[in-house]
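Comments concern the structure below.
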Amino acid sequence: FPFRAIGPTRQSGRFVDVAVPLQQPNTIYMATGSGGLWKSVNAGVSWEPIFDNQSVISLGDVTVAPSDPNVVWLGTGEHTASRSTYWGDGVYKSTDAGKTWTNMGLKDSFHIGRIVVDPKNVNIVYVAALGKLYAENAERGVFKTIDGGKTWTKSLDITIDGRAIGACDLVMDPLNPKVEPFVDEEAGP
């Protein structure tokens, strides 16, 4: 079938991610690198900005919890490392499909490339954090929460020559979401 443009018509920066709730295929979330988050509830016919009242509009990832379409996670800070990339202030969570947002921490992660939510438990979430682009910082790697973002632990922490290495992508085994991220020591990070 041929592709067609469905909007938003004003790009508001680079589009970096898209999320569609499994239970609501006509709902679309579009995250932009420097223009906030957009939502359509009619399969792209019309769009509404839903993150404009926050302290940042640079985004890296948007994810809807597989088991609850009202739980939406948003990682701030575009993760494409270039001079025109803007930083963020952590991860945000909405429990009402994007009407309201709460910053859930990792404020010094600067650039979040991926958020993965356990398919059966909305409180188990992993975040791939790139960190500062041109300077060392501690909030780099993969972080995990088991309490919906109240507390975070570093699930994957890699250092090479004393420098912390960030993460920009992450996947979850769909057959076994309990498999933790790991590094193959022989292959390297």
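Side notes on the structure shown:
- Burial order of peptide ranges 95-108, 64-77 (average beta-carbon count within 10 Å, highest first): 64-77, 95-108
- Cα-based Lys proximity count in the chain, under 17 Å, for pairs eight or more positions apart or on separate chains: 15
- Applying the Karplus relation 6.51 cos²θ - 1.76 cosθ + 1.60 with θ = phi - 60° to the range 138-145 yields 3J(HN,Hα) values of 6, 7, 10, x, 10, 10, 9, 10 Hz, where x marks Gly and Pro.
- Of the residues 175, 46, 133, the one whose Cα sits farthest towards the positive end of the charge dipole of the chain is 46 (charges of +1 on Lys and Arg Cβ, -1 on Asp and Glu Cβ, taken about the Cα centre).
- Of 160, 112, 124, the one that fluctuates the most in a GNM where the chain has Cα springs shorter than 10 Å: 160
- Most mobile of 154, 132, 93 in a GNM of the chain (Cα contacts under 10 Å): 154
- Hz values of 3J(HN,Hα) by residue in the range 89-102 - Karplus curve (6.51, -1.76, 1.60), Gly and Pro given as x: 10, x, 10, 10, 9, 10, 10, 10, 6, x, 6, 10, 10, 10
- Average Cα contact separation per residue, the range 14-156, under 8 Å, 6 or more apart, as relative contact order %: 16
- Over the range 79-172, Cα pairs under 8 Å with separation of 6+ residues give a relative contact order of 23 percent.
- The range 13-171 shape via C-alpha gyration tensor axes, a/c threshold 1.5: oblate
- Rough spin-label spacing in nm, given labels placed 7 Å along Cα→Cβ, for residue 176 and residue 151: 2.7
- Residue 1 versus residue 53: modelled label distance in nm, points set 7 Å from Cα along the beta carbon direction: 3.6
- Averaged over its residues, the chain has an accessible area of 55 Å² per residue, based on protein heavy atoms and a 1.4 Å probe.
- Proximity of backbone amide H atoms, modeled 1.01 Å from N, is registered between residue 16 and 31, 32, 33 at under 5 Å, excluding neighbours fewer than 5 places apart on the same chain.
- In the elastic network of the chain, a GNM with C-alpha springs shorter than 10 Å, the most mobile of 133, 175, 22 is 175.
- Apolar share of the accessible surface for the range 15-137: 53 percent from carbon plus sulfur atoms, 1.4 Å probe.
- Counting only Cβ charges, +1 for Lys and Arg and -1 for Asp and Glu, the dipole size of the chain around its Cα centre is about 580 debye.
The values are calculated or read from the model by the stated rules, or taken from the named source; none is laboratory data. Because the structure is predicted, anything quoted here is derived from the model rather than measured. For neighbour counting, all protein chains shown are included, and Cβ atoms are generated from backbone atoms with ideal geometry for every residue, glycine included. All accessible areas refer to the heavy atoms of the entire protein, side chains included, with ligands and DNA or RNA removed. Shrake-Rupley method; radii C 1.70, N 1.55, O 1.52, S 1.80 Å.
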